[in-house]
1. Among the residues of segment 106-133, which ones are open to solvent by 40 Å² or more (accessible area, probe 1.4 Å) and assigned to a helix (DSSP H, G or I)?
2. Going by the conditions given, is Trp70 of a type in the set (Phe, Trp, Tyr), over 20 Å from Thr49 (Cβ atoms) and touching a Leu at 6+ places or on another chain (Cβ under 6 Å)?
3. Leu47 passes all but one of (1) of a type in the set (A, V, I, L, M, F, W, C); (2) in a loop (DSSP other than H, G, I, E, B); (3) open to solvent by less than 70 Å² (accessible area, probe 1.4 Å); which number fails?
4. So in segment 134-158, with the set limited to residues that are loosely packed, with under 14 Cβ neighbours inside 10 Å and among the polar types (S, T, N, Q), which one is nearest to the chain's Cα centre (by Cα)?
5. Got a sec? Which of Leu76, Leu86 is among the aliphatic types (A, V, I, L, M) and closer than 15 Å to Gly31 by Cα?
Amino acid sequence: MEPASGRVWFERVNRYPGRLHHLTPSWVEKGETFHIRISVAQGPVKLLTEPCIAAQLLESAHHYHDYERWHCRLLLLMPDHLHALLIFPCNQPMHAIIGAWKGFQAKRMGLIWQNNFFDHRIRNREGLQESENYIRHNPVRKGLCQNANAWPWLISCA
């Protein structure tokens, strides 16, 4: 028989982290940059780097930038996920903007995304540079190209 405290711990661990709501705290200044990672679902899926899919995703991200749904400093596609440095407008929550974008891509191209996404607020200039370097060199680290500048599936609107 497991002690009560062990049972409570087990239930808490199985619930955590639960659904992330991606609500930006009120103390975070408007116009902050976020490192976003969005992944496709597990299993047999379409690769984000298939030329037709990649071109449409990058065009759509640029469209969101042009119409001020987000400000895209950088967006890079990997086969099963993407990384982006995004700034969101003040009048809409980040999760709603990303959810709408993912939903549109799912309908348009039949992509199956994971339910959630990763977000990390960039806190200073050094953090921004670290995130940008990490994103740009991700294909090199994964052995997909020899040089970060050779990776074709990237846009920078900054």
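1. Once the filter is applied, which keeps residues that are open to solvent by 40 Å² or more (accessible area, probe 1.4 Å) and assigned to a helix (DSSP H, G or I), segment 106-133 yields Lys107, Arg108, Arg125, Glu126, Gln129, Glu130, Glu132, Asn133.
2. So Trp70 fits the description; yes.
3. (3)
4. Top of the filtered list is Ser156.
5. Going through Leu76, Leu86 in turn, the sole match is Leu86.
The values are calculated or read from the model by the stated rules, or taken from the named source; none is laboratory data. Small disclaimer: the values here were computed from a predicted structure and weren't measured. Using ideal geometry, Cβ is built from the backbone for each residue, glycine included, and neighbour counts are taken over all protein chains shown. Calculation scope for accessible area: heavy atoms of the full protein, side chains included, ligands and nucleic acids excluded. Shrake-Rupley method; radii C 1.70, N 1.55, O 1.52, S 1.80 Å.
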